[in-house]
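Here the structure comes first, spelled out in structure tokens, and everything after it is commentary.
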Amino acid sequence: VVRVLDGTNGNVYGDSAVCHINGSIVVTQPTGSSNWQVATTDKTINWTYTGSISDVNIYYDYGVGGYQQLATGISRGTGGAGSWNWPSIPDNVSNNVKVKVAAISNEAEVFGESAVFKIRGGFSNLRVEDQTNTPVNVLQAGDAYNVKWSTTGAAITNVILQFSSDNG
């Protein structure tokens, strides 16, 4: 209840309806510029909180209209800050990912959402080989070569090959 009193006459006052004071959560990582690669294991979700909150659950949404549970019963943290290491970024490439951190005791009212960020696939083990599958670093004009790579992320179905003659 909030009470407003006349400064000179304590008999003049008004009371509000019963209200509740909730803590709050702000997700600080990932940010809108985050671009996390599928299968990486070094990404951390960070948040700050104010007030009294319970431990938290963590959710993610790939921009398809609903959050899915990622982790449950995570410590809220200490000193107004918490974090959780995402064990492995799932193989779901998207430009519209969000995470949500919600207090277990009141998920509907005490939560924070990240900015929209990206989860991307990647390429590794890129190599140029001659026709006998031997890696080469010097190419001869007119000869045929194979360009090979490995992908991280199942959603990579089409690629564009580019060539640079100046290392970049």
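The values are calculated or read from the model by the stated rules, or taken from the named source; none is laboratory data. All values derive from a computational prediction rather than experimental measurement. Note that we place each Cβ from the backbone using ideal geometry, even for glycine, and neighbour counts take in every protein chain shown. The area values use the complete protein model at the heavy-atom level, side chains included, leaving out ligands, DNA and RNA. Shrake-Rupley method; radii C 1.70, N 1.55, O 1.52, S 1.80 Å.
The table below lists the values:
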| item | result |
| --- | --- |
| 3J(HN,Hα) from dihedral phi, region 69-83, Karplus parametrisation 6.51/-1.76/1.60, rounded to Hz, x for glycine, proline | 5, 10, 8, 10, x, 7, 4, 5, x, 9, x, x, 9, x, 7 |
| Cα-based convex hull volume of region 1-156 per residue, rounded to whole Å³ | 181 |
| Relative contact order (%) - criterion: Cα under 8 Å, at least six apart; region: the chain | 22 |
| Charge dipole magnitude, Cβ of K and R +1, D and E -1 - region 2-90, Cα centre, debye nearest 20 | 120 |
| Per residue solvent-accessible surface (Å²) - the chain, probe of 1.4 Å | 64 |
| 3J(HN,Hα) from dihedral phi, region 96-112, Karplus parametrisation 6.51/-1.76/1.60, rounded to Hz, x for glycine, proline | 10, 8, 9, 10, 10, 10, 10, 5, 4, 6, 7, 4, 6, 10, 10, 7, x |
| Computed over region 100-143: relative contact order in percent, which uses C-alpha pairs under 8 Å that are six or more apart | 21 |
| Separation between Cα centres of region 152-166 and region 59-99, rounded to whole Å | 28 |
| Within the chain: Cβ-based charge dipole about Cα centre, in debye rounded to nearest 20 (Lys, Arg +1; Asp, Glu -1) | 60 |
| Relative contact order for region 7-85, counting Cα pairs under 8 Å that sit 6 or more residues apart, in percent | 28 |
| Burial ranking of peptide ranges 99-110, 154-165, 41-52, 62-73 (average Cβ count within 10 Å, highest at the top) | 99-110, 41-52, 62-73, 154-165 |
| Phi-based couplings in Hz for region 129-139 (Karplus 6.51, -1.76, 1.60; Gly and Pro marked x) | 10, 7, 5, 9, 6, 9, x, 10, 10, 10, 9 |
| Nonlocal amide H pairs with residue 86, under 5 Å, H built at 1.01 Å | 43, 44, 45 |
| Beta bridges per DSSP with both ends in the chain, % antiparallel, nearest 5 | 90 |
| Under-5 Å amide H pairs with residue 76, H placed in peptide plane, nonlocal only | 55, 56 |
| Accessible area of the chain belonging to carbon and sulfur atoms, whole % at 1.4 Å probe | 48 |
| Under 13 Å, Cβ to Cβ, from residue 98 - net charge with Lys/Arg +1 and Asp/Glu -1 | 0 |
